[in-house]
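What follows is a short report on a single structure.
The values are calculated or read from the model by the stated rules, or taken from the named source; none is laboratory data. Nothing here was measured: the structure is a model prediction, and the numbers come from that model. FYI the Cβ positions are ideal-geometry reconstructions off the backbone, even for glycines, and counts take in every protein chain you see.
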Amino acid sequence: MYPTPNSTTAPVPAARGQSQTIDLAQKISQINGHWQPRVVAEMNDYQFKVVKVQGDFQWHLHADTDETFVVLDGELRIEHRASADGDHSVIVLRRGQMAVVPKGVEHRPCAENEVQLLLIEPRGVVNTGDGAKGERTVENDQWV
């Protein structure tokens, strides 16, 4: 079951966040809780989402799309299991840094302390990946 949207979730704006200034810090301050991405703008078929994270997310992958992580504040660790033999790698992102996780790469974002992120991904991508939905699966297209 999807978590219930919080009271700050807004309807899709007619302008989809285009031709206007978007204050990412102000938008992210409206989010209650962790692992609850909210859309702030769209460009073509891509969405820009802000989210607060803390703790370890679940292992997941997106078979058909890359996923971009931009750290706005804090330090994010992204673990990768890129092959069937269990090869494991880790990248660490700090404020102002970004990384693209390629499609088909199993990954898990982790944050010892709260991290604020901007995510860039195609509209309709399920935050917990292509597998079964879990307790951290969030309904798509929730705007803030």
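Does residue 136 count as surrounded by fewer than 18 Cβ atoms within 10 Å (Cβ to Cβ) and without any contact (Cβ under 8 Å) to a residue 40 or more places away in the chain?
On the way: surrounded by fewer than 18 Cβ atoms within 10 Å (Cβ to Cβ): yes; without any contact (Cβ under 8 Å) to a residue 40 or more places away in the chain: no.
In short, no.
Mind listing just one residue for me: the one in region 16-42 that is in contact with an Asp or Glu (Cβ under 8 Å, 6 or more places away or on another chain), assigned to a loop (DSSP other than H, G, I, E, B) and surrounded by 12 or more Cβ atoms within 10 Å (Cβ to Cβ) and, of those, modelled with the highest pLDDT?
Ranking the qualifying residues of region 16-42, first place goes to 34.
Suppose we filter region 45-68 for residues that are outside any loop (DSSP other than H, G, I, E, B) and at negative phi; how many remain?
Of the residues in region 45-68, the ones outside any loop (DSSP other than H, G, I, E, B) are 46-56, 60, 67-68.
Those still in the list that are at negative phi too: 46-54, 56, 60, 67-68.
Adding up the residues that qualify gives 13.
Whether any residue in region 55-63 is closer than 22 Å to residue 16 by Cα and exposed (fewer than 13 other Cβ atoms within 10 Å of the Cβ) is what I want to check.
No; the residues of region 55-63 include none that is closer than 22 Å to residue 16 by Cα and exposed (fewer than 13 other Cβ atoms within 10 Å of the Cβ).
How about region 77-97: which of its residues are exposed (fewer than 13 other Cβ atoms within 10 Å of the Cβ), at pLDDT 95 or above and in contact with a strand residue (DSSP E or B) (Cβ under 6 Å, 6 or more places away or on another chain)?
Quick first cut of region 77-97, residues exposed (fewer than 13 other Cβ atoms within 10 Å of the Cβ) only: 83-90, 92, 94, 96.
Applying the additional criterion that residues be at pLDDT 95 or above yields 90, 92, 94, 96.
If the condition is that a residue be exposed (fewer than 13 other Cβ atoms within 10 Å of the Cβ), at pLDDT 95 or above and in contact with a strand residue (DSSP E or B) (Cβ under 6 Å, 6 or more places away or on another chain), then 90, 92, 94 are the ones that fit.
Quickly run through region 81-111 and pick out the residues that are over 16 Å from the mean Cα position of the chain (by Cα) and closer than 17 Å to residue 128 by Cβ.
Selection gives 81, 104.
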